[in-house]
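J.: After the structure tokens below, expect a handful of questions from me.
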């Protein structure tokens, strides 16, 4: 099952030839035909992929014979693959557990829930319960709204399937057996929410680690207003109750659960993967955070450790430091002197363990390198890249930018040009109040934080190999030289 958006402009009522789009280039390149230059109306065309839910054979990409518009003469035709149509931007889609058949010829892939991002007035939670269901876009946005200007009768469906729930610019509503009720009514109890800006999608929860009332219920997120709500559906996939669940989670772009350790996982855009767990005791575990003012240097090496950034939601903490060579400390921020034979590189793994009042613990480690002028794992890179021990900007760092960065960060970029003509100077001179490189605090350099995802992850298509990120950090530590 594959979900596809309408491919139209969000900036205007795109009925084709929208000036802000590249429709002429798309026609010239054969991406669309002239007949498909109809903007949002592609959602209603059976010979267009746009605005559809497809059902395809994963081995061939062809449509399946049990699809509603299958052509025996052309299984690779677009209409042979169409399962549902009339959607705008089906962001995330999930299958309801224990529905459907594993036999393709049965024509029953199961029941699918998805978030459909609205144009500007309403957001949708939709349920695909069978083949050839038309969700009405663009004649209808959600249950009853008629977007202005989208009135061409040629593309108006005779009937359309109502959204299960809609919200934004007015009270949230639910469709129960075809009748529309406000959320918060006696028919669909729950908070009468109006907030929302981009329906993400969700996941069914079937685990046993949450309280019983959450078992076999559906969680759905909204990206724009940063909430996760819990929805209870009846056996006919009608919403019958809504619960507020979390409104502090940030912009959620994906929800999932783990069949191994339970919990509700979500991806917060631009930051990290988070897990929501239920703790019957009410005592949440602490979080250990350790840092050191230096990580490497000649013996004797005096290191000031900081552990008081560790935290616990409910209580105070006790600290236990293991310095990796016998001695320990129970201070929050101890100092320790590491020694090693002259000229012999020696590494120590320092472990901080914190415990809360309920005896729950968390641990974290730091690596301290004595008699090693490089922070591991750079010693191996030393031999590979530069006999002198210094990273060469032109031969080691610039090629990383050339391969991964200059497609976006070029002469036309507003903030940072990483082409060979300019990259070194701009890394030193640009940035919001500070340069992108800081040899005094290399791990706090904006360039390094972007590469590791501590700031918005760069490159956008995915992280660089660890080996290249380590090399960039080594170059910054050595002074970010233009060598």
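J.: So residue 133 ticks every box in (1) free of Cβ contacts under 8 Å to residues at least 60 places away in the same chain; (2) surrounded by 16 or more Cβ atoms within 10 Å (Cβ to Cβ); (3) under 27 Å from the mean Cα position of the chain (by Cα); (4) closer than 22 Å to residue 220 by Cα but one. Which box is left unticked?
T.: Result: residue 133 passes all but (3).
Rundown of residues vs (1) over 16 Å from the mean Cα position of the chain (by Cα); (2) modelled with pLDDT of 95 or more; (3) outside the structural domain of residue 167 (by TED's automatic domain parsing), yes/no style:
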site: 197; (1), (2), (3): yes, no, no
site: 233; (1), (2), (3): yes, yes, no
site: 237; (1), (2), (3): yes, yes, no
site: 249; (1), (2), (3): no, no, no
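J.: If you check residue 279 against the conditions, is it free of Cβ contacts under 8 Å to residues at least 24 places away in the same chain, surrounded by fewer than 17 Cβ atoms within 10 Å (Cβ to Cβ) and within 20 Å of residue 212 (Cβ to Cβ)?
T.: In short, yes.
J.: In the stretch 260-277, is there at least one residue being over 30 Å from residue 92 (Cβ atoms) and within 28 Å of the chain's Cα centre (by Cα)?
T.: Within the stretch 260-277, none of the residues are over 30 Å from residue 92 (Cβ atoms) and within 28 Å of the chain's Cα centre (by Cα).
J.: Same structure, new question: Can you say whether residue 91 is within 28 Å of the chain's Cα centre (by Cα), at pLDDT 95 or above and surrounded by 14 or more Cβ atoms within 10 Å (Cβ to Cβ), as far as the supplied structure shows? Spell out the reasoning first.
T.: Working: within 28 Å of the chain's Cα centre (by Cα): yes; at pLDDT 95 or above: no; surrounded by 14 or more Cβ atoms within 10 Å (Cβ to Cβ): yes.
When the stated conditions are applied, residue 91 does not pass them.
J.: Report, by residue number, each residue of the stretch 185-203 that is crowded, with 19+ Cβ neighbours inside 10 Å and either in contact (Cβ under 8 Å) with a residue 60 or more places away in the chain or under 12 Å from residue 113 (Cβ atoms) (or both).
T.: Result: 196, 198, 199, 200, 201, 202, 203.
J.: Return a yes/no flag: does the stretch 265-276 have any residue that is assigned by TED's automatic domain parsing to the domain that holds residue 165, in a strand (DSSP E or B) and buried (at least 18 other Cβ atoms within 10 Å of the Cβ).
T.: Yes.
J.: List the number of the failed condition for residue 127; all other conditions in (1) on the phi < 0 side of the Ramachandran plot; (2) surrounded by fewer than 18 Cβ atoms within 10 Å (Cβ to Cβ); (3) in contact (Cβ under 8 Å) with a residue 40 or more places away in the chain hold.
T.: Here residue 127 clears every test but (2).
J.: Can you tell me which of 170, 184 is under 29 Å from the mean Cα position of the chain (by Cα) and part of a loop (DSSP other than H, G, I, E, B)?
T.: 170
J.: Anything in the stretch 40-54 that is surrounded by 23 or more Cβ atoms within 10 Å (Cβ to Cβ) and either in contact with a helix residue (DSSP H, G or I) (Cβ under 9 Å, 6 or more places away or on another chain) or outside the structural domain of residue 79 (by TED's automatic domain parsing) (or both)? List them, or say none. Can you show your working first?
T.: Just the residues of the stretch 40-54 that are surrounded by 23 or more Cβ atoms within 10 Å (Cβ to Cβ), to begin with: 40-44, 48, 50-53.
The answer is 40, 41, 42, 43, 44, 48, 50, 51, 52.
The values are calculated or read from the model by the stated rules, or taken from the named source; none is laboratory data. Model, not experiment: these values are computed from the prediction. We place every Cβ from the backbone using ideal geometry, glycine too, and count neighbours over all the protein chains shown.
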